[in-house]
Structures are given as structure tokens and as C-alpha cells.
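The values are calculated or read from the model by the stated rules, or taken from the named source; none is laboratory data. None of these values were measured; they are calculated from a predicted model. Here the Cβ is made from the backbone with ideal geometry for all residues, glycine too, and neighbour counts use every protein chain on show. Only protein heavy atoms, including side chains, enter the accessible area calculation; ligands, DNA and RNA are left aside. Shrake-Rupley method; radii C 1.70, N 1.55, O 1.52, S 1.80 Å.
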Amino acid sequence: MTIIDRYLSWLFLKTLLICFVSFAGLFVVVHLFSNLDELTLISQQIGWTGVFQEFYLPRFADLYDKSAGIVILVAAIFSVSLLQRRREMTALEANGLTKARILRSVFILAIIFVVLSVLNRELLIPQLKEKLVHTPQSWGDEGAVDMKVHSDLANGIVLRGDQLLIQEKKISDIDVQMPLTIAGVLPRVKAKYGIVTAADDRHPEGIWLHQVEDPDRLLKIGSLEVEEGKTIFFSQSDQAWLGPNQCFVRCTFDVDEMAYGNQLAAYRSTKEMIDALREPATHTRSTRKNKVAVHARIVKPILDLTLLLLGLPMVIGGIERNVFVSAGVCFWIIIAVQLTAIVSYALGTSSLIQPAALAAWLPVLIYVPLAAVALRRLKR
């Protein structure tokens, strides 16, 4: 690594750190004073150090995920603008170095930070998603939310209820509509409450119903299968592990997904998003949205680098380039790329762009050729 590489690398890293710390600090100040009462109550339990570790540190990971491309572009543009303002770029070019060679260390560091954002998105954030979905108002809450209708197409079950208690994994006033194959024998089961239960050696994943209505009738019916070897309804009459006025229904149900929905899905890894696509869908629009989201996740590192490749050539020109002019150029590039991405994703979700994957790749198809053309300026 040459002296100019070390010098520009230090300038880039220093600017990037200042930018990210500024963004993070601004976020903390605004969020803290907007939720001061709630956070004060939380601090009485875990202390302000605990609030910072448990609440804000996970959000710094999320903030880096959302701002990595922008921070990299800002750091690169300000670093190059300082080189130009101090006439250092002119001196280096006078020695026969091209702009591309001078900026080599910036491009290498940008790629490293984009890779770090991918690792952060795929490995760290999925482990923090339970903390990220909570607000100060719901932090440590027992989490009673209104129960939505849940359709488990894999088992043919439809669940309804009054409220879902997240921590207890409990559904109050539950109503289970059974599959059509057994609806003639048992159309539905109602109970005072049901508890979402993981699979064990006695039963598959499902809902353990307590204080069922008309327990005598359920005793007479016994356990029911929808196909050979797949029991859908477990009755106390032939299942010794069930207590009085209890039964069990096979069902796939994610408590956090029901409570937090799309908010939780945004923090999944790409693998988890692909696995969710393979599950039976309850709505065509949600399927299209998930397909666009998967491809948008794949495209994001390319768009982050495209921002840099668009921005740098546009600020390299006259040696009198003002830092604030460079900031304005950076701002409009970010707005153009982000607005294009938002519009194209919306069109893909609404089926106005087919297939859905094309909507996610459209910003790349538009801006990568422009970036390739802009890079010619760096070869001079």
C-alpha cells in the first residue's frame, strides 16, 4: 500500500466514522426525547446502560443496514472533495496517476463496507429481530394484541380469536375451523383459550385448547386424521396426555409473525425469506410483495456500490469544487436512486411490472449502465 493509499484510506475511514456517528447520535437524541417517559420507566428496571445496550445497540445495526450505501457515498465524496480543494488531486495527476488509480483505496474500502453490511443484514440483524420490533411502549409488555384471522393452508385450518398474548403464546376465545375433509364430522372447535405449543414426542406443532365447548361431544368423536398418518385433531378419549376439557389441533402458527407481521419479516435473513416463499400463501399480493422483497435484498449491495460509482465521477471535475456543492450532488443522486427503487418495488407488488423480480432489478438496469458511462471520467 502506497503513501497516497494510506492517506486516502485514513481520510475515507475518518469521514465515514464521523458520518455514521453523526447519524446515530441524531437518531438517539430525537428518539430519546420523543420517548423519554417510556424509556425512563424502562431505565428504572435495567438502568440507562441497559437501555443503551438492549434498545439502542440493536438499532445501530439496523441503522447501518439502512444507511450503508449513503454513508459510503458521503464519505467518499467528502474525501475526494477535500483532495480537490487542497490541490492534492492536481499534484497526483501531474505525477502521471489517473483518477481511478488515486481512488483505488476508496473503492476497495467501499466494497469491504458493503460486504460488512451484507453480513450484518444476514447474520446479526436476524438474531436481534425480537428486540428491533419492540417499541418503548411495548418493551417488556405482556403483549396483548388483537387476534387476526390466521389461515394455515398446509393443514386446512382457520384460526380466529379475541386476543393474542405474545409472551404466553396464548389465544383467548379461540375458534378453530377444521379442514373440509373432516368438516362433516367436526366442523369447528371452540375453547376459552388455546396455547401455541411446539412439537414433541407426543404431538406435532399446534394449538393446545383448554376449556373447550361441548367436551362430551369431542370425547365421543375421538382423534381424527385428514390423511393416513396425519392426525389433525387429538381427543382426550384416546390421548392420555390431554386433561379434562382439553383437545389439541395440529397447526402451524408463528406468534411473532402474527403479532408483528411485515415489521418482523423485514428483519429476516434472505434464507428465511426464501423459506417463507415456499410456504403456502394466504394472499396473492403478499406473495408478490415477498418475491420483490427477496430480490430487493439480493440487489441492495449492487445498488449501494452503484451509488458510489455514480456519485464519485460527478464530483470530480474542477479543482474548485465546493464541499457543499458536492453534498448537493450526493443528495440528488441518493434521492433519484431511492425514489426509482421505491416506485419500481410498488409497481412490482401491484403486478404492474411482471415478473415481480424485474421490479427489484429495474433500478440496477437503469443506473448500472449510467455508472459505467460515468466511470470513464476516472480513466482520464
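If you go through segment 250-272 and keep only what is closer than 16 Å to V149 by Cα and in a helix (DSSP H, G or I), you end up with V255, D256, E257, M258, A259, Y260, N262. Of all residues in segment 35-54, those satisfying the criterion of being of a type in the set (A, V, I, L, M) and open to solvent by less than 20 Å² (accessible area, probe 1.4 Å) are L39, I42, V51. I'd like the full set of residues that are in a helix (DSSP H, G or I) and over 12 Å from the mean Cα position of the chain (by Cα), limited to segment 124-136. Within segment 124-136, K131 is the sole residue that qualifies.
Of the residues making up segment 200-221, those that are open to solvent by 70 Å² or more (accessible area, probe 1.4 Å) and in a loop (DSSP other than H, G, I, E, B) are D201, R202, E205, E213, D214.
Restricting L119, L73, L57 to residues that are open to solvent by 40 Å² or more (accessible area, probe 1.4 Å) and touching a Leu at 6+ places or on another chain (Cβ under 9 Å) narrows the list to L57.
Residues that are of a type in the set (V, I, T) and either touching a residue at least 24 places away in the same chain (Cβ under 8 Å) or touching an Asp or Glu at 6+ places or on another chain (Cβ under 7 Å) (or both) within segment 44-69 comprise just one, I46. When we screen P301, P280 for residues that are open to solvent by 60 Å² or more (accessible area, probe 1.4 Å), closer than 28 Å to L132 by Cα and either assigned to a loop (DSSP other than H, G, I, E, B) or modelled with pLDDT of 80 or more (or both), the only hit is P280. Taken together, the residues in segment 77-110 that are closer than 29 Å to V294 by Cβ and either touching a helix residue (DSSP H, G or I) at 6+ places or on another chain (Cβ under 7 Å) or surrounded by 20 or more Cβ atoms within 10 Å (Cβ to Cβ) (or both) amount to 2.
Remark: R160 falls outside the filter, which requires a residue to be farther than 17 Å from D256 by Cα and surrounded by fewer than 19 Cβ atoms within 10 Å (Cβ to Cβ). Within segment 247-267, the set of residues being at pLDDT 85 or above and either of a type in the set (V, I, T) or farther than 30 Å from D216 by Cα (or both) comprises V249, T252, Y267.
Among residues that are open to solvent by 40 Å² or more (accessible area, probe 1.4 Å), modelled with pLDDT of 85 or more and among the basic types (K, R), K131 is not included.
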